[in-house]
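All remarks here apply to the structure that follows.
Rule-based calculations on the coordinates, nothing more; no lab input. These numbers were taken from a predicted model, which means no experiment stands behind them. Note that each Cβ is placed from the backbone with ideal geometry, even for glycine, and that neighbours are counted across all protein chains shown.
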Amino acid sequence: MPGNRTIRFAAIGILAGAFSGLFGVGSGIVLVPLLLMLGFGERRATATSLCAIAVIAALAAALHGAYGNVRLGDAALLAVPAVAGVGIGVAVQQRLPERVVSLLFALLLIVVAAELIVP
């Protein structure tokens with residue numbers, strides 16, 4: 001029988017996958033907070049989330065592509081500069097205290113939620 005940790009990770013994975021398929025999110029908004037709740041540090045939660053989302057995003061993109069929802073040119077226009085952004089983001093994150101990263105992430109989630117609520 002699977003251990004408690006395996007069951008928790010499977011539940012988090014299902015939730016992240018469902019959110020990714022429904023809303024195009026899953027890593028930052030679902031995985032990171034839940035991994036933090038399991039006791040992961042900010043950096044470990046972020047890195048673990050990014051590794052998992054690579055697989056999740058690939059499958060979600062393929063399935064959305066099968067439905068005709070993907071514009072590869074637009075995706076490339078987003079992805080190419082995002083590669084540079086990832087390098088910058090990781091370098092900045094490694095220089096900030098984990099608590100500051102957590103607070104900035106919480107602030108981002110609040111701003112995004114407010115934007116979604118108030119048109």
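Things worth noting here:
- GNM remark for the chain: springs join alpha carbons under 10 Å apart, and the peak mean-square fluctuation among Ala84, Ala47, Ala11 falls on Ala84.
- Label-reachable residues, the stretch 34-68, where backbone N falls under 16 Å from a point 7 Å from Arg5's Cα toward its Cβ: 35-41, 44-45, 48-49
- Counted charge near Leu35, where neighbours are those whose Cβ lies closer than 15 Å (Asp, Glu -1; Lys, Arg +1): +2
- Projected label distance in nm at Val112 and Val90, using a 7 Å step from Cα toward the beta-carbon: 2.0 nm
- FRET E, pair Met37, Ala75, Förster distance 30 Å, beta-carbon r, rounded to 0.05: 0.40
- Length added when fully stretched, Val83-Ala18, from 0.36 nm per residue minus Cα-Cα: 20.9 nm
- Going through (1) 12, 36, 38, 13, 1; (2) 13, 39, 28, 13, 5, 2; (3) 13, 47, 32, 8, 1, the figure that equals P(r) over Cα pairs in 10 Å bins from 0, in percent as computed for the structure here is (1).
- Selected from Leu72, Leu103, Leu59 as most flexible by GNM, with the chain as the system and alpha-carbon contacts under 10 Å: Leu72
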